[in-house]
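What follows is a short report on a single structure.
The values are calculated or read from the model by the stated rules, or taken from the named source; none is laboratory data. Everything numeric in this text was worked out from a predicted model, so none of it was measured. Note that we place each Cβ from the backbone using ideal geometry, even for glycine, and neighbour counts take in every protein chain shown. The area values use the complete protein model at the heavy-atom level, side chains included, leaving out ligands, DNA and RNA. Shrake-Rupley method; radii C 1.70, N 1.55, O 1.52, S 1.80 Å.
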Amino acid sequence: MYLVFYYRVKMLSSDFTKHEKSNNRNQLEKSIDQDADLIILNKPEMVQLTKISNVGQPKINQKSTNLNNRMLKLSLITENGIKVNAIEFDFLGKQLSVNNTPLGAKLQLSNKINYCNGLLFLTSKNCKYLSGQVKNLYENWLANKNYEEFNEIDESGTAQKSISGAPKWKP
């Protein structure tokens, strides 16, 4: 039991981008290679989040907390380094968001997953947020988040806070 717990904790803090590629592919990776329409996973597979965006909102409004207009696009990487994109087809929960989910977090995929045009269609039935933190990815994510908050732009297009001492431009 302790060994299983240790392995899971180690995997949650592991950076899948740095894993050596193996010829021993899991069911998810085999199905992606075969371009299957439906991926059926006999056992849960862990993937790492490398990028997250809300395609239901314009770029300037990515931090919107309006859950009605949310559709997350996730860039994921498998344990063997296979990159795949996914779309939030059904609400996956509040803990998964553009604002609060650090890169390097882990997701658990299971059951049946629709796969079309290079996209996994994730639902609450086939995807579970596990959290996890990869130290260097988390530090970069936190630095970028702080920088973005410092340079926020309001609806009128003017900066809320400015790092420059220059006066504001007036047309």
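A few points about this structure:
- Given (1) at pLDDT 75 or above; (2) open to solvent by 100 Å² or more (accessible area, probe 1.4 Å), index of the condition Phe5 fails: (1)
- In segment 90-120, the residues that are of a type in the set (Lys, Arg), open to solvent by 50 Å² or more (accessible area, probe 1.4 Å) and assigned to a strand (DSSP E or B): Lys112
- Selected residue [without any contact (Cβ under 8 Å) to a residue 24 or more places away in the chain and under 12 Å from Leu28 (Cβ atoms)] from Asn146, Asn42: Asn42
- Filter result for the condition that a residue is open to solvent by 80 Å² or more (accessible area, probe 1.4 Å) and in a strand (DSSP E or B), over Ile87, Ile40, Ile77: Ile40
- Residue match in segment 66-74 (condition: open to solvent by less than 40 Å² (accessible area, probe 1.4 Å) and not in a loop (DSSP other than H, G, I, E, B)): yes
- Consider segment 121-131 and keep the residues that are in a strand (DSSP E or B) and surrounded by fewer than 22 Cβ atoms within 10 Å (Cβ to Cβ). The one that is farthest from the chain's Cα centre (by Cα) is Phe121.
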